[in-house]
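First the structure, in the form of structure tokens, and then the observations on it.
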Amino acid sequence: MAVNIASVAKEFSLTEEAVSRESIRAFLLEQLRLFDADRRARCAKFGVKSLAEMDGLIQRGEVEEDDILEDFQEVDYLCGRIERVKAMLEDT
């Protein structure tokens, strides 16, 4: 069953714009949570908490680049997505 914005707005005595804004904000917060959880899980595989720490492992020769490359690239991508979502949240 689909619920439309107008009926939700009426039920909670809000404008449709307020419902839309809050819906977008909730969606962005959920995306932020998912991206950050994935980032943390990939970092934890190597016992680190950040992309910089992952890079340090490579620089010090503690892990082979081939062993960490895919996760390193994904963490880099996720960090970018996290920053973009945070910027979008500032605009809401």
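The values are calculated or read from the model by the stated rules, or taken from the named source; none is laboratory data. Note that this is a predicted model, so its numbers are computed, not measured. Using ideal geometry, Cβ is built from the backbone for each residue, glycine included, and neighbour counts are taken over all protein chains shown. The area values use the complete protein model at the heavy-atom level, side chains included, leaving out ligands, DNA and RNA. Shrake-Rupley method; radii C 1.70, N 1.55, O 1.52, S 1.80 Å.
Just a few scattered comments:
- For the range 1-16, the candidate set comprises residues that are part of a helix (DSSP H, G or I) and open to solvent by 80 Å² or more (accessible area, probe 1.4 Å); within that set, the residue that is nearest to residue 91 (Cα to Cα) is 16.
- Near pairs, Cβ below 7 angstrom, 6+ apart or cross-chain, from the range 58-78 (charged (D, E, K, R)) to any residue that is open to solvent by 50 Å² or more (accessible area, probe 1.4 Å): 71/42; 71/45; 74/42
To keep it simple, each residue is scored yes or no on (1) more than 15 Å from the chain's Cα centre (by Cα); (2) within 24 Å of residue 29 (Cα to Cα); (3) not aliphatic (A, V, I, L, M).
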site	(1), (2), (3)
50	no, yes, yes
56	yes, no, yes
59	yes, no, yes
71	yes, yes, yes
75	no, yes, no
79	no, yes, yes
84	no, yes, yes
87	no, yes, no
90	no, yes, yes
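- Residue in the range 17-57 that is least open to solvent (accessible area, probe 1.4 Å), counting only those that are over 20 Å from residue 86 (Cβ atoms) and outside any helix (DSSP H, G or I): 48
- Condition met for residue 88 (assigned to a helix (DSSP H, G or I), open to solvent by less than 60 Å² (accessible area, probe 1.4 Å) and of a type in the set (A, V, I, L, M, F, W, C)): no
- Check on residue 13, at positive phi and of a type outside the set (Val, Ile, Thr): yes
- Qualifying positions in the range 64-92 - modelled with pLDDT under 95 and in contact with a helix residue (DSSP H, G or I) (Cβ under 6 Å, 6 or more places away or on another chain): 65, 92
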